[in-house]
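The values are calculated or read from the model by the stated rules, or taken from the named source; none is laboratory data. Predicted, not measured: the structure shown is a model, and the values here were computed from it. When we count neighbours, we look across all protein chains shown, and the Cβ atoms used for this are built from the backbone with ideal geometry, even at glycine.
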Amino acid sequence: MAIETAQLHRLAHLARLDLPTAEEVRLAHDLDALLGLIAQLQNAPVDGVRPMAHPHEVAATLRPDRVSESDRSAALEGIAPEMQSGLFLVPKVIE
Amino acid sequence: MSDWQAVIGLEIHVQLSTQSKLFSGASTAYGAEPNTQASFVDVALPGTLPVPNVDAIRKAAMFGLAVGADVAAESIFARKNYFYPDSPKGYQISQYERPIVAGGTVLARLDDGREITVQLTRAHLEEDAGKSVHDAFHAASGIDLNRAGTPLIEVVSEPVMHSSAEAVAYMKAVHRLVRWLGICDGNLQEGSFRCDANVSVHKPGTPFGTRCEIKNVNSFRFVEKAIDYEIERQIRAIENGETIVQETRLYDAAANKTRTMRSKEDAEDYRYFPDPDLPPIRIAPAEFEALRAALPELPDARRARYIDALGLPPYDADKLTEDRATSDYFEAVLGALPGQAKLAANWVNGELAAALNESQIEITASRIGAVDLAALLARIVDGTISGKIAKDVFAAMWAGEGSADAIIDAKGLRQISDTGAIAQMLDDVLAQFPEQVAKYRGGDAKLFQFLVGQAMKATKGKANPAQVNELLRERLDASR
Amino acid sequence: MIALTLASQRAACAAGTDLLNDALQRAEAAAGLNALITLDKPAGVATTGGDLAGIPFVHKDLFCTTGQRTTCGSKMLANFVSPYDATIVERLAASGAVSIGKANMDEFAMGSSNENSAFGPVLNPWDTARVPGGSSGGSAAIVAANVVAFATGSDTGGSVRQPAAFCGVTGFKPTYGRVSRFGMVAYASSLDQAGVIARSAADCAEVLQVMAGHDPRDATSVDRPVDDYRAALDRGVRGLRIGLARELFSAGVRDAMQATVHAALRELEAAGAVLVDIDLPTLPLSIPAYYVIAPAEASSNLARYDGVRYGHRAADAKGLRDLYSRSRAEGFGTEVKRRILTGTYVLSSGYYDAYYLRAQQVRRLIANDFARAFADVDLIAGPTTPDVAFKLGEKTADPLAMYAADINTVAVNLAGLPAMSVPAGFIDGLPAGLQLIGKAFDESTLFTAGHALQSRTDWHLALAPGAVR
């Protein structure tokens, strides 16, 4: 199985990764190899086997509906790359 | 054009009225300063984890029970992966396979009295996104994550509606229901209740047309207008030989038109998969029983009871079941004044509704409590005062002057029902207006009402009107 | 000199040694190993009591700490200082233990050699031409270098056990859900579990006692009582049934490794344990299943690093998409990108059923294999790794060869079981590890067996040539 360039571009777009051409060639090669590895799964005897998303058969623990958090905006401002008037800034989004 | 049929399905986003968010302890209160209600979980700091709010799950289950749906004993949260600044984790926690609510129906009544039953596909729990602020900065958009993580249920209908009127009637029915259940404040301006509409057109008997999704419409009127515009646009396009492309469109209220937001080619591949941070959500049988027990009598059931058992006209029943607080108020009046449903309905829908509207207050904050109103109405029933005098007493009660009985006594409003006194008073009136009496006897029947009016005036309205009528007629007709 | 243990530290403290100063000096002496990303000199150390009062240690650099930056071995978070502490950071602080720094690691815990760190590779104290293993390579190396008595780690596919084996120390991975993940930067959420690396099973037991327990901030944290691990240490292995899984001694495992681990197991047999042969037939599929599930979860978990709220942000972005794509391209290293793309692929429309869903089904088959085996045995044993520590650069050109080396460890994470790597002897002067796997939430039996072995042997106390003396 070979990853086509268009497919790699689609993946890079979905994952929002800017790939320089040199890196692209290498990653395409690595992905091909990896797809070969995971192709082994195709022969597994999985008919009727329930998929397993979590290690244990337990339900999520829930929390009561209570406000337990206070204003953290000062801490957020301390780590944000760009923040102004309490808002995180991004390049202008046009809808 | 008349042979085209529109096919409409709605996705309604219902914000659940919890104190805290779906997965964090941050407040859901509306209108705070930007990012002051964004916890570390909401901002998706590295290492933070979601923990589900039990009350959001209960409210979603309550909705499912109310629409007669299957409420899942085990449902699963999934990640919907996409990049957008108002989605801080790069995915939204939603439900995909195994939502909490599957199926169900909602009965909607149109303005013309027609009823439609709308099938629901599902209702799933998910977290709301934050908000982008586009006009605050020159070259940048600002991101406020206060709303991020607010619990929602997305109520998805089957595509079974055929006009904007049906769609709006359905949307209103859902709106009434979620407020009735107390799971949503229903505030459309604040975005607590929003709607996406899927619209296509076809000719009956042919396959469905390509649908367009109109995003984020937040008023009943705009939903109606957006759907009407979209139906017309699609029909016009097809008749002009164009093909409809599947796309997401935005409704521009100012221009009253919809426009392309993104086409299917730009569509994200959401890569849904079960959220590994969240094991399945289980609702134990005992919890189901508790929820069922807590479910109030629903508006449709109440409306039917008002018509069938209480004998109210459908109009009154509709008005009384528009919201639960009004209906509960009516129930309380009736509880204190059994057997007087029509009288109680008239007053709740009439005098009380007008007073509330004038004072701009909710019925739950009414200046006259249900039991006090019942005490007033009891004085009409037992003949102490007339309905007309009762309106004055109501006004005095509204002004805070005291209870009905106290006001009646203080103002001397007790109705005169003493036959002798009324007869004496009538004799005086007849003596005062000999000309009119003569004309009446000469055949001018209209003058009867004039003489009644004079009698009521003479007693400041306190004479029992029925007795006045009876005794006056006796006097005039006897000696003719 | 002797190997640092909790007992030796307490004795030194009682004899008047300033443990903190001593640890800082040791860290300076071992700086050449590049095991620490951040070395902290805590200003004032609380002298309050607690089970680990005054004991210096280091956290793997993916546990969020308010006092020190948390880099995850990535340029993306090179300057990130968390505004909150992870649950285990709070718990260890409350026990009186003193964090002196943050351990180097493979970027976002993706790797088996520590060569994927943006802060450079860590060197193995036994042979500085070799890798310490990964992803908790810094944690294992700093303990093996005799700088601290223990370090925290995280284990998603072997990231505590494999470096512990390569560095000749003891590494413990608890049952999934036993230790809170709150504040541990996520790689693959359904596999990640915090663990501990120390000299001995006894020390791991003491530290885990502090770390373990229910946390209401983690919905996958399990609400059940924590065993008394110290009480389990001296229980003895008489009659304990240990299953030797044929698949853990496969052809891919070097002969010398097989022989060494067998020899260690015979020590347990001599102590009264019963060795039986068992099968885990689906285990060979654990690598492909892991390399679907872990990247899938990672691709989603790492979507939050977008340059908007924290972390690396590309300069002069020409638009939103440019900001995202360049911040992420600049901030992430090659292995992380590889796994993000793989994960994106296996979840994408048209491939989900063939890869992701199927991998989840295989995951259940693997869990069922373990469940079947545990009906008959108390523990399962095998070599932790197919071979001893490999040379720096040896496998960097071939990711698949690197992945394949995890064959004996990843199945444990897929099944969510507790497991431990204990030193089992040496091959050409390099440490070999014996892996013991327990039933879910039966950490105690692992500690019993580990302690029994370490009471009869002293491989775990052997000092590496690069250790501080």
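When you scan region B:34-44, do you find a residue that is modelled with pLDDT of 95 or more, among the hydroxyl-bearing types (Ser, Thr, Tyr) and surrounded by fewer than 24 Cβ atoms within 10 Å (Cβ to Cβ), even just one? Before you say what the answer is, go through the steps one by one.
Taking region B:34-44 as the starting set, the residues that turn out to be modelled with pLDDT of 95 or more are B:34-44.
After this cut, where a residue has to be among the hydroxyl-bearing types (Ser, Thr, Tyr) as well, the list is B:36, B:39.
Subsequent filtering for residues that are surrounded by fewer than 24 Cβ atoms within 10 Å (Cβ to Cβ) retains B:36.
There is at least one residue in region B:34-44 that is modelled with pLDDT of 95 or more, among the hydroxyl-bearing types (Ser, Thr, Tyr) and surrounded by fewer than 24 Cβ atoms within 10 Å (Cβ to Cβ).
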(message) One residue is enough: does region B:238-250 have a residue meeting the conditions outside the structural domain of residue B:339 (by TED's automatic domain parsing), outside any loop (DSSP other than H, G, I, E, B) and farther than 30 Å from residue C:303 by Cα?
(response) yes
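In region B:407-428, which residue that is β-branched (Val, Ile, Thr) and assigned to a helix (DSSP H, G or I) is nearest to residue B:385 (Cα to Cα)?
From region B:407-428, those β-branched (Val, Ile, Thr) are B:407-408, B:416, B:419, B:422; that's our starting set.
Now narrow it down to the ones that are assigned to a helix (DSSP H, G or I): B:407-408, B:419, B:422.
Working: B:407: 11, B:408: 8, B:419: 16, B:422: 15 Å.
Once the filter is applied, the top-ranked residue is B:408.
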(message) Return the residues of region B:73-122 that are within 22 Å of residue C:302 (Cα to Cα) and touching a helix residue (DSSP H, G or I) at 6+ places or on another chain (Cβ under 8 Å); say none if nothing qualifies.
(response) B:79, B:81, B:83, B:85, B:88, B:89, B:90, B:91
(request) Take region A:1-36 and flag every residue that is hydrophobic (A, V, I, L, M, F, W, C), more than 9 Å from chain C (Cβ to nearest Cβ) and surrounded by 12 or more Cβ atoms within 10 Å (Cβ to Cβ). (result) A:25, A:28
(message) Could you check region C:314-346 and list, in sequence order, the residues that are touching a Pro at 6+ places or on another chain (Cβ under 6 Å) and farther than 25 Å from residue B:93 by Cβ?
(response) C:317, C:319
(message) Quick check on residue B:175: is it assigned by TED's automatic domain parsing to the domain that holds residue B:226 and at pLDDT below 95?
(response) no
(request) Hey, could you check region C:326-368 for residues that are facing chain A (nearest Cβ under 9 Å) and not in a helix (DSSP H, G or I) and say which is surrounded by the fewest Cβ atoms within 10 Å (Cβ to Cβ)? (result) C:348
(message) Return the residues of region A:61-95 that are in a loop (DSSP other than H, G, I, E, B), of a type in the set (Gly, Ala, Ser) and more than 7 Å from chain C (Cβ to nearest Cβ); say none if nothing qualifies.
(response) A:68, A:70, A:85, A:86
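Given B:445, B:431, which one is part of a helix (DSSP H, G or I), exposed (fewer than 12 other Cβ atoms within 10 Å of the Cβ) and not polar (S, T, N, Q)?
Details: B:445 fails: part of a helix (DSSP H, G or I).
Result of the check over B:445, B:431: B:431.
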(request) Please go through region C:417-455 and pick out each residue that is surrounded by fewer than 24 Cβ atoms within 10 Å (Cβ to Cβ) and in a strand (DSSP E or B). (result) C:425, C:426, C:427, C:430
(message) For region C:1-101, give me every one of the helices (runs of 4 or more DSSP H) that falls completely inside it and has 2 or more residues that are out of contact with any helix residue (DSSP H, G or I) (no Cβ under 9 Å at 6 or more places or on another chain) and under 30 Å from residue C:310 (Cα atoms).
(response) C:87-94
(request) Please work out if residue C:291 is buried (at least 24 other Cβ atoms within 10 Å of the Cβ), within 14 Å of chain B (Cβ to nearest Cβ) and hydroxyl-bearing (Ser, Thr, Tyr). (result) no
(message) Just to be sure before I move on: is residue B:329 among the aromatic types (Phe, Trp, Tyr), within 14 Å of chain C (Cβ to nearest Cβ) and surrounded by 15 or more Cβ atoms within 10 Å (Cβ to Cβ) in the structure I sent?
(response) no
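Report yes if residue C:221 is among the polar types (S, T, N, Q), in a loop (DSSP other than H, G, I, E, B) and modelled with pLDDT of 95 or more, otherwise no. Spell out the reasoning first.
On the way: among the polar types (S, T, N, Q): yes; in a loop (DSSP other than H, G, I, E, B): yes; modelled with pLDDT of 95 or more: yes.
In short, yes.
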(message) Restricting to region A:37-60, name every residue that is more than 30 Å from residue C:214 (Cβ to Cβ), in a loop (DSSP other than H, G, I, E, B) and more than 7 Å from every other protein chain (Cβ to nearest Cβ).
(response) A:45, A:47, A:48
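Would region B:340-350 turn up any residue that is part of a loop (DSSP other than H, G, I, E, B), more than 18 Å from the chain's Cα centre (by Cα) and free of Cβ contacts under 8 Å to residues at least 24 places away in the same chain?
Applying the first criterion (part of a loop (DSSP other than H, G, I, E, B)) to region B:340-350 yields B:340.
Subset that is more than 18 Å from the chain's Cα centre (by Cα): B:340.
Imposing the further condition that a residue be free of Cβ contacts under 8 Å to residues at least 24 places away in the same chain reduces the set to none.
No, the conditions are met nowhere in region B:340-350.
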(request) Examine region C:174-194 for a residue that is within 15 Å of the chain's Cα centre (by Cα), within 14 Å of another protein chain (Cβ to nearest Cβ) and among the basic types (Lys, Arg), and state whether such a residue exists. (result) yes
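Would it be correct to say that residue C:86 is closer than 23 Å to residue A:72 by Cα and crowded, with 19+ Cβ neighbours inside 10 Å? I'd like the intermediate steps shown before the answer.
On the way: closer than 23 Å to residue A:72 by Cα: yes; crowded, with 19+ Cβ neighbours inside 10 Å: yes.
Here the answer is yes, as residue C:86 does meet what is asked.
Tell me which residues, restricted to region A:47-62, are surrounded by fewer than 19 Cβ atoms within 10 Å (Cβ to Cβ) and either in contact with a strand residue (DSSP E or B) (Cβ under 6 Å, 6 or more places away or on another chain) or over 30 Å from residue B:51 (Cα atoms) (or both). Please lay out each step first, then the result.
Restricting attention to region A:47-62, the residues satisfying the condition of being surrounded by fewer than 19 Cβ atoms within 10 Å (Cβ to Cβ) are A:47-51, A:56-59, A:62.
Scanning region A:47-62 gives A:47, A:48, A:59.
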(request) Six or more apart or on different chains, Cβ under 7 Å: which pairs go from a residue in region A:1-30 that's farther than 14 Å from residue C:343 by Cα to one that's basic (Lys, Arg) and not in a helix (DSSP H, G or I)? Could you list them? (result) none
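Of the residues B:374, B:390, B:378, B:353, which single one is over 23 Å from residue B:298 (Cα atoms) and out of contact with any helix residue (DSSP H, G or I) (no Cβ under 7 Å at 6 or more places or on another chain)? I'd like the intermediate steps shown before the answer.
Numbers: B:374 fails: out of contact with any helix residue (DSSP H, G or I) (no Cβ under 7 Å at 6 or more places or on another chain); B:390 fails: out of contact with any helix residue (DSSP H, G or I) (no Cβ under 7 Å at 6 or more places or on another chain); B:353 fails: over 23 Å from residue B:298 (Cα atoms).
Result of the check over B:374, B:390, B:378, B:353: B:378.
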(message) Criterion first (at pLDDT 95 or above, more than 30 Å from residue B:339 (Cβ to Cβ), crowded, with 20+ Cβ neighbours inside 10 Å and of a type in the set (Asp, Glu)) does residue B:228 satisfy it?
(response) no
(request) Return a yes/no flag: does region C:148-162 have any residue that is closer than 30 Å to residue B:280 by Cβ and assigned to a helix (DSSP H, G or I). (result) yes
(message) Can you find, within region B:307-326, the residue that is surrounded by the most Cβ atoms within 10 Å (Cβ to Cβ) among those that are modelled with pLDDT under 95 and part of a loop (DSSP other than H, G, I, E, B)?
(response) B:323
(request) For residue B:52, work out the one condition from (1) in contact with a Leu (Cβ under 8 Å, 6 or more places away or on another chain); (2) away from chain C (no Cβ under 14 Å) it doesn't fulfil. (result) (2)
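Output the number of residues of region B:23-48 satisfying the condition of being within 25 Å of the chain's Cα centre (by Cα) and within 11 Å of chain A (Cβ to nearest Cβ). Give the steps one after another, and end with the answer.
Residues of region B:23-48 within 25 Å of the chain's Cα centre (by Cα): B:28-31.
Cutting the leftovers down to within 11 Å of chain A (Cβ to nearest Cβ) gives us B:28-29.
Qualifying residue count for the region: 2.
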(request) May I ask you to verify whether residue C:208 is of a type outside the set (Phe, Trp, Tyr), within 14 Å of chain B (Cβ to nearest Cβ) and closer than 20 Å to residue C:62 by Cα? (result) no
(message) Of the residues B:91, B:96, only one is among the hydroxyl-bearing types (Ser, Thr, Tyr), buried (at least 23 other Cβ atoms within 10 Å of the Cβ) and in the same structural domain as residue B:131 (by TED's automatic domain parsing); which?
(response) B:91
(message) Just the residues that are away from every other protein chain (no Cβ under 12 Å) and outside any strand (DSSP E or B), please, taken from region B:114-154.
(response) B:114, B:128, B:129, B:147, B:150
